[in-house]
Each structure stands twice: as structure tokens, then as C-alpha cells.
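**Q** Take this structure, written in C-alpha cells, and hold onto it; I'll ask about it next.
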Protein chains: 2
Amino acid sequence: METGTPSIPSAPGKPLYRVVEDYLRREIDSGKLAPGDLIPSESELATELNVSGGTVKKAIENLVWERRLYRHQGKGTYVSRIDFNNSLFRFFSYGTHSGNPVRIHKETPVRKLCEGPPEICQKLQAPHQSQMVYIERVGYRGETPVLIEKCWWAAALVPGLESEEVHIPDLMYAVVVDQLKVPIVRAEEILTAEIADQTTATTLKVDLGAPLVVLNRLTYTQKNRPIEFRITRGRADSFSYRTEIR
Amino acid sequence: METGTPSIPSAPGKPLYRVVEDYLRREIDSGKLAPGDLIPSESELATELNVSGGTVKKAIENLVWERRLYRHQGKGTYVSRIDFNNSLFRFFSYGTHSGNPVRIHKETPVRKLCEGPPEICQKLQAPHQSQMVYIERVGYRGETPVLIEKCWWAAALVPGLESEEVHIPDLMYAVVVDQLKVPIVRAEEILTAEIADQTTATTLKVDLGAPLVVLNRLTYTQKNRPIEFRITRGRADSFSYRTEIR
DNA sequence: TCATATAACTCATATATATATTATATATCT
DNA sequence: AGATATATAATATATATATGAGTTATATGA
């Protein structure tokens, strides 16, 4: 061991690689490093922070395990974009049980600007009776409706989303990120089950009282700010979630 | 870089640390290293396999990430025991929604030796009409029944489990591992939802047609041998599974 | 006997260095 | 202009070494 003192504020008992880790984490969370950005190279960071290359490497490796960064040999290290393929949604194996994922086409029967219901305002940490963009969508596999999505967006954060001129693709986040330039950073999902009420049963063409899987999602933009709350209801008979215990 | 050639069969293009990793993985899977065992130290492995300490460390770190090993500074590296606290079962938050997990007491109304149903024999990769120990259990929170468990054990692998003299504690695996000395290595779980039939509704004291969460589990002993199949049905209103997407 | 110091062994942290692999930009030659 | 070689920069692999910190057994001394 040689070299001088690191040029980042350390903490007693806290390993140096974790200090570097936290430094990078802050850069990401604050938005100084945005999703998709190329971060400085190992050697640049090592010089800048005055720590060894190995320490920087370890810090970055840990953040790669956390899926906050990803690396390409020869190119560099990038800040991860959120990947909605990791949503619990993927366990809706609509269609053939043969394995290959089936494309779900979505329609948007309802889109309007409205006053947010109290529970929704609360979840979005928005003032009471805030304006919301309410969007209702139905997902189809072929001609068969398989799921219903209801989402509330904090209107102040997504100006123009309510306009009919803005086309909504199957993955709604594409509009928000690419067109409205609002970064989506992470989301929390909660999975439960319930039975179909009359309206849902009719839309999904199932019996009243049929089992449904319910997915609640709270989506966040930068600085830990909630931006969307969503409830997805799907037929339980085509949902199965698999894990392994070790 | 110095030193001689590694004394484990390598492969072209395959990094050395992965060779070491696979070596350890084989030792574990084959049962030569059993759950709870202390594995050789870094330096021992390095000498034995004729690779550097850093390479061994990296291999072990990867296996720690996979939860196949765990380390204690000053003590050594151990083979992980299966942890049923990782079961999806933990998302049954029976009782207070206040956070602290509630103890579920279990009773065993049915325990018998019987011929395995065809689907179960198939799942357990056992011959048609094999003998099974069938156990049915009901879980209570206080006086309230909250779940029903049905399990089939391959009788040949758990001799004596059917005997009424063997007391079954809340976590059944304790008997199998500690008393019968049969190692439990891993398990696969599949989560789905359905509605209560008459029998289940009566036992769980819910309405006919009430939503249920269903957890299917296939448990394995050493050498990838299935040993138990289990179906747990619980009230959906007290199940919620939370994840984060990044 | 009991407490304490010590030695030996473990993994953890931190650095340095050499070489390989992958990707990209630049210069060169036809 | 277009193909080809070359240089440069990034991560990946592999090793070596020094020091720190937690654990355990052993020796030591009152």
C-alpha cells in the first residue's frame, strides 16, 4: 500500500471502496449522471478521487451487481436505464404456455385530465386535489382482452400527456422519457390477488368472481419523486411466478 | 503474472476464476461439500489448485453473490444451508399490517402412507404408484385458520416420517434434516391465484369463491433429486408481494 | 484455576503491475 | 473513396504484496 490520501470525504471504519460507491450513487441519484450516461473511466476516477484503480473497480463492480451501472469492455461504464422487462408483469404468460412471450396489444379507451382522488394524491405525494392525467388501457392478446390498466400521472410533471395528439405506444414510458424528456428512474410493485367485480369481469370477458392478479405500481422520476400510480388487473389463470430457494 | 500452470482442468477462453468457481460448484452439487460445511481456506485452495489467491477470492465472491457460500471474517467460508425464509411464503403477512411478522401455528390433521397420485409421482420423478407420505396441515393465526398445506414426500427417501411417533414441528424440514438426516438442498416455487372451492372455503372459513393465493413447491435433496411436492393455499387478502424495478 | 497475553489462521481492504480482449478513432495505402 | 493497418483507450483477467481485523487455540503467569 502506498499513495496519498483520498480526495473524497471518507468516514472512519467505512471501507474506501464503499466511499467511492456512495459517491457514484449520489451522482446518479442526484441526476448529475443520468440513465444511459457514460461515466468517467476507471483510471480517470482513480486519479480524480486519488484512490487506486482496484478500489474504483471494486466500487463499480458492486454497483453493477446492483444493476445501477453496466459495463462494456472496450467502451466504458454506463448508468443503467430502468428495465420494465423486470416487472412482475412478465409473469403474465398470456397465450401459449410453450414458452415464447406473447405480444400484448394495448388500446386506450380513456384519457383525461382530472382531479386526483385523495388516495392517489397521497401515494404520489402530491397536494390534495392535484391535477392528474388519468389513462385507462386494455391489453389484448389477439382479440381477447387479458388485462386492464388504470394509471394516474402527476399532471404537473408530464405536461401534454393528456393531449390526444400524443400517441401512446404499448410501453407508455417511451412517450414520457423520449418525447416529454422526463426521466423514469425506478418503480415499486406490489402483487396481490382479488376477484373480478362486474365491470372488470365484463371488460375481461370472465365470470363475475373470477380470480384476478393485481399489480400496483408506483413509478419514480429523479430525486425520489413519485410520478405515476398504476393498477393492473389480469386474469389469474394465466399468471404464474416462479422462484428458486437456496 | 507469474507462477506455473493451474492443476485443475481448464478450458480455452474460460477465465480461471470461473474454472475455480465451477470446481467448487461441483463439490457442492455432488455432496462432497455439504450445507454447513467449512470449505478449505483461500490459501489452501490457491496452493491446492495452483492459482493465485486473488483468483480464488474472486471465484468465492461470485459464489457468495449466488448465496451458495457465505463467509465469516476470521472463521472461514461455509456452504450455505437452504433458507426457507426466502420462500414466497413470507409475503403472507397474516395478522397486523404493522410490519412485524406473525407466528403461524400449524396442526396436522392428516398423515398417512399412500400410493402417490400420477401427477405427483411424475413431479417427484418417482415410478408410477410409488409410496408417498401424505401430510395435510392447517396453519392458524391465533384461532383463525389462514392456510392449508398438502404435501407428498417420496416415502423411500424419508423412512419413518409417516410414524405418529415423529412429532412434526411448524417447520417440517427440521425433522427431515435433523432427525432423518436427509439433506434439503433447494426448492422451486410457483405462485398463482385461484378461488376457493367448497372444502377449502369451509376449512379457511371464507366464502365459496373467495380469492386464494396458491404456492406450489418442489423440494430437492442432494444430486438434484426431488423429494417433496407441496401445495399451499392461503387467503389472498393477506398476501402482498413487493419488488423494486431499476 | 482463571484471567490474560500471544500466536496463528481466517477473511477484508488497498495497492501495484502485467497482459489480454474489445472497441474506436486515426492514419495509410491502393 | 474505401479497405486496411495502427494506435489508443477502455474493461477483463491474473498475480503479488502489505496491512487490518476478527476468531480461536495455546501458552503464560498470578
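Per-residue answers, yes or no, for (1) closer than 25 Å to B:Lys57 by Cβ; (2) aromatic (Phe, Trp, Tyr); (3) in contact with a strand residue (DSSP E or B) (Cβ under 8 Å, 6 or more places away or on another chain):
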site: A:Tyr17; (1), (2), (3): yes, yes, no
site: A:Ala34; (1), (2), (3): no, no, yes
site: A:Ser52; (1), (2), (3): yes, no, no
site: A:Thr55; (1), (2), (3): yes, no, no
site: A:Asn62; (1), (2), (3): yes, no, no
site: A:Arg68; (1), (2), (3): yes, no, yes
site: A:Gly74; (1), (2), (3): no, no, no
site: A:Thr77; (1), (2), (3): yes, no, yes
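**Q** Could you tell me whether any residue of the stretch A:67-87 is more than 16 Å from DNA strand C (Cβ to nearest atom) and over 24 Å from A:Phe229 (Cα atoms)?
**A** Yes, there is a match, as at least one residue in the stretch A:67-87 is more than 16 Å from DNA strand C (Cβ to nearest atom) and over 24 Å from A:Phe229 (Cα atoms).
**Q** Going through the stretch B:122-145 one residue at a time, which ones are within 23 Å of A:Ile245 (Cα to Cα), surrounded by fewer than 20 Cβ atoms within 10 Å (Cβ to Cβ) and either modelled with pLDDT under 90 or of a type in the set (A, V, I, L, M) (or both)?
**A** Answer for the stretch B:122-145, where residues must be within 23 Å of A:Ile245 (Cα to Cα), surrounded by fewer than 20 Cβ atoms within 10 Å (Cβ to Cβ) and either modelled with pLDDT under 90 or of a type in the set (A, V, I, L, M) (or both): just B:Val138.
**Q** Something else: If a residue must be more than 17 Å from A:Gln222 (Cα to Cα), within 14 Å of chain B (Cβ to nearest Cβ) and away from DNA strand C (no atom under 12 Å from the Cβ), how many such residues does the stretch A:10-63 contain?
**A** Residues in the stretch A:10-63 being more than 17 Å from A:Gln222 (Cα to Cα), within 14 Å of chain B (Cβ to nearest Cβ) and away from DNA strand C (no atom under 12 Å from the Cβ): 1 in total.
**Q** Further question: Can you name the residue in the stretch B:22-33 that is surrounded by 13 or more Cβ atoms within 10 Å (Cβ to Cβ) and touching a residue at least 40 places away in the same chain (Cβ under 8 Å) and, of all such residues, is farthest from B:Val185 (Cα to Cα)?
**A** Top of the filtered list is B:Leu24.
**Q** Name the residues in the stretch A:27-59 that are under 17 Å from B:Arg246 (Cα atoms) and touching a Lys or Arg at 6+ places or on another chain (Cβ under 8 Å), would you?
**A** A:Ile28, A:Asp29, A:Ser30, A:Gly31, A:Pro35, A:Gly36
**Q** Taking the residues in the stretch A:60-78 that are under 13 Å from A:Ile28 (Cβ atoms) and among the aromatic types (Phe, Trp, Tyr) as candidates, determine which candidate is surrounded by the fewest Cβ atoms within 10 Å (Cβ to Cβ).
**A** So, considering only residues that are under 13 Å from A:Ile28 (Cβ atoms) and among the aromatic types (Phe, Trp, Tyr), the one surrounded by the fewest Cβ atoms within 10 Å (Cβ to Cβ) is A:Tyr70.
**Q** Show me the strands (runs of 3 or more DSSP E) found entirely inside the stretch B:153-246 where at least 3 residues are surrounded by 14 or more Cβ atoms within 10 Å (Cβ to Cβ), within 14 Å of chain A (Cβ to nearest Cβ) and not aliphatic (A, V, I, L, M).
**A** Details: elements: B:186-195, B:211-221, B:225-235, B:241-245.
Hits in the stretch B:153-246: B:186-195, B:211-221, B:225-235.
The values are calculated or read from the model by the stated rules, or taken from the named source; none is laboratory data. Keep in mind it's a predicted model, so treat the numbers as computed, not measured. Note that we place each Cβ from the backbone using ideal geometry, even for glycine, and neighbour counts take in every protein chain shown.
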